[in-house]
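A quick write-up on the structure given underneath.
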Amino acid sequence: MARVLISMPEDFLNKIDQVADGENRSRSELIREALRTYIYRQRIKEATGAMQNAEKLETLLG
């Protein structure tokens, strides 16, 4: 697995650690899950936008 170095405000890191501790998982696990969720939501957003564009085009051409 690759390692990534990121910078963030100390108070934000403390919040991340609190959540990770509360869920009994590591900081890395929590951040990976957050990024997976973000990527999934972006894909849904893009797919929804594509569907809306297709519907608009269909209305214009129909």
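Readers should treat all values here as calculations from the given coordinates under stated rules, not as data from a laboratory. As the structure is a prediction and not an experimental result, all values here were calculated from the model. Neighbour counts are summed over all protein chains in view; Cβ atoms, including those assigned to glycine, are modelled from backbone coordinates with ideal geometry.
Some points to look at:
- Along region 53-62 the Karplus relation, 6.51 cos²θ - 1.76 cosθ + 1.60 evaluated at θ = phi - 60°, assigns HN-Hα couplings of 5, 5, 5, 4, 5, 4, 5, 5, 8, x Hz to successive residues, with x for each Gly and Pro.
- Its residue count N fixes a reference of 2.2 N^0.38 Å for the chain, and the Cα radius of gyration divided by that reference is 1.77.
- Taking Cα centre as origin and charging only the Cβ of basic (Lys, Arg, +1) and acidic (Asp, Glu, -1) residues, the dipole magnitude of the chain rounds to 200 debye.
- Each residue of region 4-20 is assigned a 3J(HN,Hα), and the resulting list reads 10, 9, 10, 10, 7, x, 4, 5, 5, 4, 4, 5, 4, 5, 4, 5, 4 Hz, derived from the Karplus form 6.51 cos²θ - 1.76 cosθ + 1.60 (θ = phi - 60°), x at Gly and Pro.
- Computed lengthening from LEU57 to GLU10, 0.36 nm per intervening residue step minus Cα-Cα distance: 12.1 nm
- Annotation: peptides 18-28, 46-56, 3-13, ranked by per-residue average of other Cβ atoms within 10 Å with the highest first, follow the order 18-28, 46-56, 3-13.
- Across region 37-43, coupling constants 3J(HN,Hα) worked out from phi with the 6.51/-1.76/1.60 Karplus curve, θ = phi - 60°, read 5, 4, 4, 4, 5, 5, 5 Hz, and Gly and Pro carry x.
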